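Worksheet: one structure, shown below.
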Amino acid sequence: MSVQFRMKGTERLVAALQRTPMAFDRGAKAGIDQVLDDWRLEAVNVAPYDTGTLQKNIAVINAEGNFPGEVSGSVTANAVKGGFNYAYFIHEESKHAVTGEPEFLRVPYEQQQARWQRMIERAIEREVGGW
């Protein structure tokens, strides 16, 4: 014996499932943008300070994605004078500064990683509608 059931609303369900990858990407991008802005602020707050050039040159490259499910962005720091990148030297080479945290990008990441993960998850959930 064979039985067939017709479920009401399946068209809406299928349409929602088809929209989910786009909503996921929008949420991921929004969440990553929030994290990157927060990361930049955290880095500025702990970076070595002399003239303020380093703090002014910590920047966000906003999130973008080339493929569905693949979103990325970055925080950068370049304080160049006379061809010498002070930001790179302090963070990657010397690991020493008179004031502040020489690894001003790494330290906030290590301290805030769990909170930032939750920020991204909440942004995705807002777009997708929960799961």
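The values are calculated or read from the model by the stated rules, or taken from the named source; none is laboratory data. Values in this document were obtained by computation on a predicted structure and should not be read as measured data. Glycine also receives a Cβ, built like all others from the backbone with ideal geometry; neighbour counts cover every protein chain displayed. With ligands, DNA and RNA removed, areas are computed over all heavy atoms of the protein, side chains included. Shrake-Rupley method; radii C 1.70, N 1.55, O 1.52, S 1.80 Å.
Over the chain, calculate the relative contact order: mean separation of alpha carbon pairs under 8 Å at least 6 apart, over the residue count, as a percent. Once divided by the residue count of the chain, the mean separation gives 32 percent.
The mean sequence separation of alpha-carbon pairs under 8 Å and at least six residues apart, normalised by the residue count of region 49-126, gives a relative contact order of 19 percent. Under 26 Å of direct C-alpha separation, and excluding same-chain neighbours fewer than eight residues apart, Lys56 reaches these lysines: Lys29, Lys81, Lys95. Across region 26-42, coupling constants 3J(HN,Hα) worked out from phi with the 6.51/-1.76/1.60 Karplus curve, θ = phi - 60°, read 4, x, 4, 4, 4, x, 5, 4, 4, 5, 4, 4, 5, 4, 4, 4, 4 Hz, and Gly and Pro carry x. Available extension along the chain between Arg118 and Asn78 is 11.5 nm, counting 0.36 nm per residue and deducting the alpha carbon span. When the Gaussian network model of the chain links Cα atoms closer than 10 Å, the mean-square fluctuations of Gly83, Gly100, Gly52 top out at Gly83. The apolar share of the surface of the chain, taken as the fraction of accessible area on carbon and sulfur atoms (1.4 Å probe, ligands and nucleic acids excluded), comes to 54 percent. In the context of the full set of protein chains, region 7-90 has a per residue accessible area of 66 Å² (1.4 Å probe).
In the set [x] -0.46, -1.01; [y] -0.31, -1.19; [z] -0.32, -1.08, the label that goes with log10 I(q)/I(0) by the Debye sum over Cα atoms at q = 0.10, 0.19 Å⁻¹ computed for this structure is [x]. A simple rule links phi to the HN-Hα coupling: the Karplus curve 6.51 cos²θ - 1.76 cosθ + 1.60 with θ = phi - 60°, which for region 87-104 gives 4, 4, 4, 5, 6, 9, 9, 7, 6, 9, 8, 5, 10, x, 9, x, 9, 5 Hz, with x for Gly and Pro.
The distance linking region 1-47 with region 75-104 is 37 Å (Cα centroid to Cα centroid, whole angstrom). Springs between Cα atoms under 10 Å define the GNM used for the chain, and in it the highest mean-square fluctuation of Glu42, Glu93, Glu103 occurs at Glu93. Ordering Ala63, Gly9, Ala47 by the projection of their Cα atoms onto the charge dipole of region 4-79, which places +1 on the Cβ of Lys and Arg and -1 on the Cβ of Asp and Glu, puts Gly9 at the extreme positive end.
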